[in-house]
1. At 37 °C and a viscosity of 0.692 mPa s, what translational diffusion coefficient does Stokes-Einstein give for the stretch A:133-201, taking Rh as the Kirkwood radius over Cα pairs? Give it in µm²/s as a whole number.
2. Compute the signed sum of charges (Lys and Arg +1, Asp and Glu -1) over the other residues within less than 13 Å, Cβ to Cβ, of B:Gly31.
3. Provide the net charge surrounding A:Ala172, with neighbours chosen by a C-beta distance below 11 Å and charges set as Lys +1, Arg +1, Asp -1, Glu -1.
4. Leaving out same-chain residues fewer than 8 places away, which lysines sit with a Cα under 17 Å from that of B:Lys76?
5. Can you give the accessible area of B:Arg73, probe radius 1.4 Å, in Å² rounded to 10?
6. Please compute the average number of Cβ atoms from other chains found within 10 Å of each residue's Cβ in peptide A:149-160.
7. For n ≥ 4 DSSP H runs only, could you compute -39500 (n - 2.57) per run for chain A, divide by its residues and tell me the 222 nm figure to the nearest 500?
8. For chain A, take the longest principal axis of its alpha carbons; what is the angle in degrees between that and the long axis of helix A:220-231, to the nearest 10 within 0 to 90?
Protein chains: 2
Amino acid sequence: MKIIRSISSMKKCIKNERKKGPKIGFVPTMGYLHQGHISLAQQSVKECDVTVMSVYVNPTQFGLHEDYKKYPRDIKSDAALAKEAGVDYLFVPSDSDMYPLGFSSKVIVSNVTQMLCGASRPGHFDGVTTIVSKLFNIIEPNTVFFGQKDAQQIIVIKKMVKDLNIQLKIKALPIVRDSDGLAMSSRNAYLSKAQRLEALSLYQALQKAKELIGQGECNSAKIIASMKRLILRGKSVRIDYIAIVDAEDLSFKKHIKAKVLIAIAVFIGKVRLIDNLIIKV
Amino acid sequence: MKIIRSISSMKKCIKNERKKGPKIGFVPTMGYLHQGHISLAQQSVKECDVTVMSVYVNPTQFGLHEDYKKYPRDIKSDAALAKEAGVDYLFVPSDSDMYPLGFSSKVIVSNVTQMLCGASRPGHFDGVTTIVSKLFNIIEPNTVFFGQKDAQQIIVIKKMVKDLNIQLKIKALPIVRDSDGLAMSSRNAYLSKAQRLEALSLYQALQKAKELIGQGECNSAKIIASMKRLILRGKSVRIDYIAIVDAEDLSFKKHIKAKVLIAIAVFIGKVRLIDNLIIKV
């Protein structure tokens, strides 16, 4: 595995690889890799001839009072894990290379960025679509792998790809969970033992929703109320949102119908965690 | 020459061409082709293995009260001229293909879009950068040819390409003028004979500026005043702007120094015309 630290060398490597006409898979990450990221890399290695993983904590997708500075970083461990997963190129660009002085462009998706995480984190998705556009242009992948945990992110990026006619495939892979059900997240590293226990309620609430829907409940408000009760048992919990939305366009669904996304964002202390479940009825 | 009317067939053609590994040249236009456009096509044919020209009157780059609906169109003549110039593919997409229902993405460049035409035509450059991004993604050209007449447009698109790491070269070719000096423009078709005579003052004013600078004048305000006097002789003339700016970042220059862009936008009746000159001192 080669570690690449500049845009120009990344472009050169890709240009050389391209001559052989391979299928290039790409896994964009913010690093501090966990099994969720690794599952994406492994899938890319399986499907593609060359796999590029990027590790870049993108400043423009963090809000002013968010955790950009203290976001966990461990490039040594990331490199070891990526290598083990079969990644060919680990792209670790610098801020000054990605956002040089005078940088002034943006890629923006409206509508599907307005609700859920978009409502709680204004500007977040502008940062995501801009950095992802840049990475797509640098790497020109055939297939890009994202984790289903960031459900809205996938919908936003798919919309951008469709609207702007970007020529690649987006693949969403299932959420990877710890044995107790907690969705893997780099931000889990922030949790104390007690907070980690409380964080289990996200998964439990999603399971509760699934159970209720299985029993025939189709009133979203009732399901959400039941999820809230379960989550609010935790002492250090503050709910950002619990929403039941259309799995394609994220419009709110009063009644469970067709394919819905049940999405949760919760603060455990200062740590914001998200989780979700797609249910077809 | 093949005329291509859908994004999907354009992509297919390019994919086939790509297999042979050629250099693809691209000339984006709004059609109603004149010698300015043709000079771009000819240069592309000279430099590249395959030349794609697009003809698309992009609605999103027109303001509410601008001339989108009556913008001149003549696809038959365009096709004949493009063929004669050696164009391989004429891409003529439909609005519903370019902006399908629910379209909600935008590519935006700030700073260099705020002044000159950007100030007079709010949102214009957002429309330009968005459509150009789409076309770049569909055609994936190696080199794109633009006319120097839209000087700010070139700077904006170069900025977008640099910021978003888009892998292609932008080439700007000189303004093509009628024998009397009038810069070629599809909008010249709107002009009455009398208006066309008045429109000559744009070029004359630029020549006046060049002459003054040649004589050692380096005070921009004085040069602009002299240009204004010359242009305002016309009865149906309203000046939108006359500006002397840095040729790279478009910042206003009080004193002529290094490489300046002298840019004019003038209404002759309801017809908005632009022209410019780059001067190195």
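The values are calculated or read from the model by the stated rules, or taken from the named source; none is laboratory data. Here the structure is a predicted model, which is why all the values come from computation and not from measurement. Ideal geometry is used to build each Cβ from the backbone, glycine not excepted, and the neighbour counts take in all protein chains shown. With ligands, DNA and RNA removed, areas are computed over all heavy atoms of the protein, side chains included. Shrake-Rupley method; radii C 1.70, N 1.55, O 1.52, S 1.80 Å.
1. 233
2. On the way: positive: B:Arg73, B:Lys76, B:Arg187; negative: B:Asp74, B:Asp78.
Net charge around B:Gly31: +1.
3. Values: positive: A:Lys149, A:Lys158, A:Lys169, A:Lys171; negative: A:Asp150.
It works out to a net charge of +3.
4. By straight Cα distance, B:Lys76 reaches B:Lys2.
5. 120
6. Details: counts 0, 0, 0, 0, 0, 0, 0, 2, 0, 0, 4, 4.
That works out to 1 on average.
7. Details: 9 runs with 108 residues, N = 281.
One gets -12000 deg cm²/dmol as the mean residue ellipticity at 222 nm.
8. Approximately 80 degrees, to the nearest 10.
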